[in-house]
1. Looking only at the range 68-86, count every residue that is over 17 Å from residue 289 (Cα atoms) and either part of a helix (DSSP H, G or I) or open to solvent by less than 10 Å² (accessible area, probe 1.4 Å) (or both) and tell me the total.
2. Which condition from (1) among the acidic types (Asp, Glu); (2) within 17 Å of residue 545 (Cα to Cα); (3) assigned to a helix (DSSP H, G or I) is the one that residue 480 breaks?
3. Could you list, in sequence order, the residues of the range 272-314 that are charged (D, E, K, R) and modelled with pLDDT of 95 or more?
4. If you scan the range 275-332, which residues turn out to be of a type in the set (D, E, K, R), open to solvent by 10 Å² or more (accessible area, probe 1.4 Å) and under 19 Å from residue 39 (Cβ atoms)?
5. Please indicate, with yes or no, whether at least one residue in the range 150-169 is modelled with pLDDT of 90 or more, over 26 Å from the mean Cα position of the chain (by Cα) and not in a loop (DSSP other than H, G, I, E, B).
6. Looking at 568, 584, 609 in this structure, which one is closer than 22 Å to residue 712 by Cα and either over 23 Å from the mean Cα position of the chain (by Cα) or among the small types (Gly, Ala, Ser) (or both)?
7. In the range 175-207, which residue that is closer than 21 Å to residue 148 by Cα and basic (Lys, Arg) is least open to solvent (accessible area, probe 1.4 Å)?
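The values are calculated or read from the model by the stated rules, or taken from the named source; none is laboratory data. This is a predicted model, so every value here is computed, not measured. Positions of Cβ are backbone-derived with ideal geometry, glycine not excepted, and every protein chain shown enters the neighbour counts. Heads up: the accessible areas ignore ligands, DNA and RNA and are worked out on the full protein's heavy atoms, side chains in. Shrake-Rupley method; radii C 1.70, N 1.55, O 1.52, S 1.80 Å.
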Amino acid sequence: MLPMQQPPPLLLLSVLLFFFLASSSSVLAAGAEDEGAATYIVYLNPSLKPSPYATHLHWHHAHLDSLSLDPSRHLLYSYTTAAPSAFAARLLPSHVSALRGHPAVASVHEDVLHPLHTTRSPLFLHLPPYTVPVGDAAATAASSDVIVGVLDTGVWPESPSLGDAGMGPVPARWRGTCETNATDFPSSMCNRKLIGARGFFRGFGAGGGNGNASRSSTELSSPRDHDGHGTHTASTAAGAVVADASLLGYAHGTARGMAPGARVAAYKVCWRQGCFSSDILAGMEQAIDDGVDVLSLSLGGGSYPLSRDPIAVGALAATRRGIVVACSAGNSGPSPSSLVNTAPWIITVGAGTLDRNFPAYAKLGNGESHAGMSLYSGDGLDDEKLPLVYNRGVRAGSNASKLCMAGTLDAAAVKGKVVLCDRGGNSRVEKGQVVKQAGGAGMVLANTAQSGEEVVADSHLLPAVAVGARSGDAIRAYVESDADAAEVQLSFGGTAVDVQPAPVVAAFSSRGPNRQVPQLLKPDVIGPGVNILAGWTGSVGPTGLTIDERRPAFNILSGTSMSCPHISGLAAFVKAAHPDWSPSAIKSALMTTAYAVDNTGSPLLDAASGDAANGTATPWSFGSGHVDPVKALSPGLVYDTSIDDYVAFLCAVGGASPRQVQAITGAPNATCQRKLSSPSDLNYPSFSVVFRLRKARGTVKYHRELTNVGAAGSAYTVKVTGPSSIAVSVKPARLVFKSAGDKARYVVAFKSTAQGGPMDAAFGWLTWSSADGEHDVRSPISYTWGM
């Protein structure tokens with residue numbers, strides 16, 4: 001994948017794929033010289049490769065040669081696995097126009113920057129102790145043969161979560177390696193736990209069209225994690241067992257990943273600014289070639305058609321090779337239709353809470369006490385009451401001081417006082433830094449209506465308590481009623497467990513409906529994603545601020561970036577027990593065994609609504625529900641989906657020509673002669689029913705097929721729950737499986753007996769229950785009325 005002056009011999013391609021030395025600097029420097037150039041990914045139709053070109057790399061060189069471009073300067077990556085016969089290059093608009101007119105070019109898309117989106121989790125998920133075999137298959141022991149590839153900001157190899165004590169030899173099938181030319185990451189840093197570490201930087205170095213060649217630094221050539229995000233996600237998925245783990249005393253306990261016996265391979269494709277598509281695709285290609293079993297991507301950008309989504313393209317190639325791919329749904333909730341990574345071959349992961357939090361309190365001078373959260377661990381305020389101020393800015397009438405933006409606070413007015421700051425505008429920890437630098441003694445961070453009642457704990461640099469919107473409104477009203485006499489006392493309660501209700505869907509978790517393919521319900525599941533403790537980098541403090549000199553081995557973060565590696569690790573957990581299961585079977589097992597009630601037995605709530613009476617969550621926010629990994633080991637039945645089914649789905653979705661389908665699937669025979677009658681007929685473990693307004697009272701039929709992974713002679717009967725205005729019939733209503741591996745099909749007919757509007761939505765469940773009472777195979781249903 002490294003451009004050379006002459007295409008290398010075929011036998012040397014794998015060796016030269018990501019070699020980084022002098023030629024890489026010439027690629028990066030090219031962007032600075034070609035004013036107006038940008039990075040593009042060019043998808044070619046592999047069936048049209050002329051026979052004189054021995055390799056795809058030769059063919060890619062020829063395309064650039066035809067444009068009078070030097071491949072050694074303009075070619076960033078040549079893909080053959082993750083995106084069959086595609087390449088990334090620095091191009092001018094005139095080059096793009098010429099390529100789009102070439103008959104062998106299926107599509108050309110500009111490189112896109114994608115944003116990045118534990119001690120309690122294993123107990124909350126009811127995972128067995130690491131040393132105890134599960135059932136007849138010793139899943140915990142077999143997990144040592146499972147390899148989890150993490151595409152993120154790299155890894156901090158010294159993290160105790162990446163220790164290899166007690167681990168056996170690396171699986172012989174492993175084809176990966178550690179970067180050999182990074183001065184701060186010698187290959188000796190890898191071990192039997194961290195078995196691979198590589199960096200992919202060319203898209204970032206080229207700046208995605210910004211010409212930021214100055215970004216080429218020692219960090220570019222190293223997989224070392226200088227951000228912390230990658231170490232956190234890797235250790236969440238498959239971190240080793242570490243006793244006495246905590247963040248400065250908070251969340252103390254034994255830390256472990258979801259699959260602590262699994263191996264980790266880290267692929268650095270992200271930086272603090274984000275992750276470029278070209279680098280992501282290159283990392284996915286290397287991970288596939290290296291032989292990973294699971295891919296975890298806690299990143300994603302906008303919502304794109306599947307045919308032009310590089311993550312979806314790479315994930316399909318991985319799925320073709322039996323690799324499970326899990327991606328974060330995004331942190332743009334509670335806005336509707338804010339999902340990303342919605343391809344059906346991806347496990348799309350939302351976030352929920354644990355039954356643990358970090359209570360802190362703000363007691364006002366009027367006697368009111370408001371509960372919030374904090375991870376502050378320094379010297380306290382000795383329970384003394386201090387003056388409380390709000391909107392004390394250097395500029396009269398400016399609201400920026402309400403947000404505690406940099407340079408907005410009047411130091412004389414806030415010195416020695418507690419400052420009330422509204423959430424939004426800048427990061428939560430930056431607000432604390434602004435208050436501290438202005439001389440403030442503490443901070444109350446108050447949510448606004450936009451943030452709702454969801455409170456995220458942070459390890460602030462000064463005493464600080466974060467509160468929800470209702471408390472925030474009350475505290476604002478108190479300060480504004482008597483600005484000169486308001487006072488507050490801050491106190492901190494450490495770590496609390498067995499919190500109820502839990503889980504609760506995180507307000508920030510992106511949600512449906514799915515606008516790209518309305519007939520596909522997303523997200524698929526939720527997992528723990530709020531206040532998660534996991535391994536951390538030694539490069540920055542827990543706040544990520546440059547002035548934060550603390551260097552704990554663990555940190556507590558929140559986001560779908562945290563829930564995604566939970567599911568990736570649990571996919572490895574299931575794969576260890578069932579190594580012959582397909583990626584779709586593993587996903588189905590996680591989905592159909594998920595639960596939609598909290599630890600009080602009530603329906604899952606949505607943190608976006610602070611009103612418990614009206615805050616019930618829906619499948620648009622939690623998908624099939626919260627994962628139950630132990631039940632997923634024995635789901636009874638699975639919805640198994642083949643690559644040919646996914647190709648037929650792509651042909652039915654629209655927006656992609658047969659030529660584009662061939663390019664992104666690598667299937668030269670994909671002529672779309674076989675396609676699903678509707679995207680809704682994909683054999684998926686959930687249902688998204690779309691009634692057309694002009695035929696609102698018509699009937700919509702969905703086809704499904706179940707595979708028995710349970711006992712021979714199993715029988716199941718169906719039950720459907722949901723709104724009375726929708727009639728549902730299932731034929732047949734009883735399925736009998738004579739043997740393990742047997743398949744049975746059924747058809748569901750949905751009929752709307754009432755007129756629905758374009759803004760209406762309803763939800764229900766379809767459940768196949770085994771006669772022996774051992775299995776309930778549940779699928780969520782969403783109903784909408786479209787045009």
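1. Final tally of qualifying residues: 6.
2. All conditions are met except number (2).
3. 279, 285, 289, 290, 293
4. 308, 309 - these are the residues of the range 275-332 that are of a type in the set (D, E, K, R), open to solvent by 10 Å² or more (accessible area, probe 1.4 Å) and under 19 Å from residue 39 (Cβ atoms).
5. No, the range 150-169 contains no residue that is modelled with pLDDT of 90 or more, over 26 Å from the mean Cα position of the chain (by Cα) and not in a loop (DSSP other than H, G, I, E, B).
6. Exactly one residue qualifies, and that residue is 584.
7. Checked the range 175-207; the qualifying residue least open to solvent (accessible area, probe 1.4 Å) is 193.
Okay, residues lined up against (1) within 21 Å of residue 356 (Cα to Cα); (2) open to solvent by 10 Å² or more (accessible area, probe 1.4 Å); (3) assigned to a helix (DSSP H, G or I); (4) not charged (D, E, K, R):
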| residue | (1), (2), (3), (4) |
| --- | --- |
| 227 | no, yes, no, no |
| 232 | yes, no, yes, yes |
| 235 | yes, no, yes, yes |
| 240 | no, yes, no, yes |
| 246 | yes, yes, no, yes |
| 265 | no, no, no, yes |
